[in-house]
1. Just need a number here: residues in region 65-77 that are touching a helix residue (DSSP H, G or I) at 6+ places or on another chain (Cβ under 8 Å) and at pLDDT 95 or above.
2. Looking at region 7-51, which of its residues are among the hydroxyl-bearing types (S, T, Y) and closer than 18 Å to L109 by Cβ?
3. Has region 134-143 got any residue that is of a type outside the set (V, I, T) and loosely packed, with under 11 Cβ neighbours inside 10 Å?
4. Looking at R45, R16, R5, R28, which one is out of contact with any Asp or Glu (no Cβ under 9 Å at 6 or more places or on another chain), closer than 16 Å to R61 by Cβ and basic (K, R)?
5. Which one of A97, A108, A80 is at pLDDT 90 or above and under 13 Å from the mean Cα position of the chain (by Cα)?
6. If C116 passes every condition in (1) closer than 24 Å to E9 by Cβ; (2) under 12 Å from the mean Cα position of the chain (by Cα) but one, which one does it miss?
7. Can you pull out the helices (runs of 4 or more DSSP H) entirely within region 1-79 that have at least 1 residues that are more than 21 Å from S101 (Cβ to Cβ), open to solvent by 20 Å² or more (accessible area, probe 1.4 Å) and small (G, A, S)?
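The values are calculated or read from the model by the stated rules, or taken from the named source; none is laboratory data. From a predicted model like this one, the values you see are computed outputs, not experimental measurements. Positions of Cβ are generated from backbone atoms using ideal geometry, with glycine treated the same way; all protein chains shown enter the neighbour counts. Note: accessible area is taken over every heavy atom of the protein model, side chains too, but ligands, DNA and RNA are not part of it. Shrake-Rupley method; radii C 1.70, N 1.55, O 1.52, S 1.80 Å.
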Amino acid sequence: MTDVRTLAEQLLLWSRITSVVTGSADERLLERIARVPVKKSRATRSLGAYISRGAEPVCIRLQFAQEQDQLKDTLLHEIAHACDHLSQLPGRPYRRAHGPSWRNWAAALGVAPERCGQSEQLAKLHRQRLKLVGICQTCGTEFRRVRRLNRRRRYTHPSCGGLVIPI
């Protein structure tokens, strides 16, 4: 685990973040963002996430298996969330995650104000993690997921209506 400043310096992004955040009204914003912890994520469908609890940022989760350029964009995307939260809603929980204020921060940091990014390496990792979790009793279709099916629940195959037997 590291913090935003340390990782941003390693990725040669700290000067960009400093120049954008220093221009904001709150002079302590840069200091607060620099201390936000960055944790490794195990998710294979999400590149990153800004986590807050109430008024305080908890951490930024990043999936480090993505491409280097994509990792930089993802970090800046999540920092835009932190900037938006800490500048617009001091003392309150973070809500409208991809609203106009966040889009302004994202544009200022030089990342596309889009909700979802794509990573071929992460998609490949996700495909490798898929395992057989069930078979349709009627047509024999195999179901593959990262997590197993709940054994206490009944599943039906949407295509044929057959019962899916968990493995």
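1. Within region 65-77, residues that are touching a helix residue (DSSP H, G or I) at 6+ places or on another chain (Cβ under 8 Å) and at pLDDT 95 or above number 3.
2. The answer is S15, T18, S19, T22, S24, Y50.
3. yes
4. Matching residue, one of R45, R16, R5, R28: R45.
5. Every option except A80 fails the conditions.
6. Going through the list (1) closer than 24 Å to E9 by Cβ; (2) under 12 Å from the mean Cα position of the chain (by Cα), C116 breaks only (1).
7. Qualifying helices (runs of 4 or more DSSP H): 14-22.
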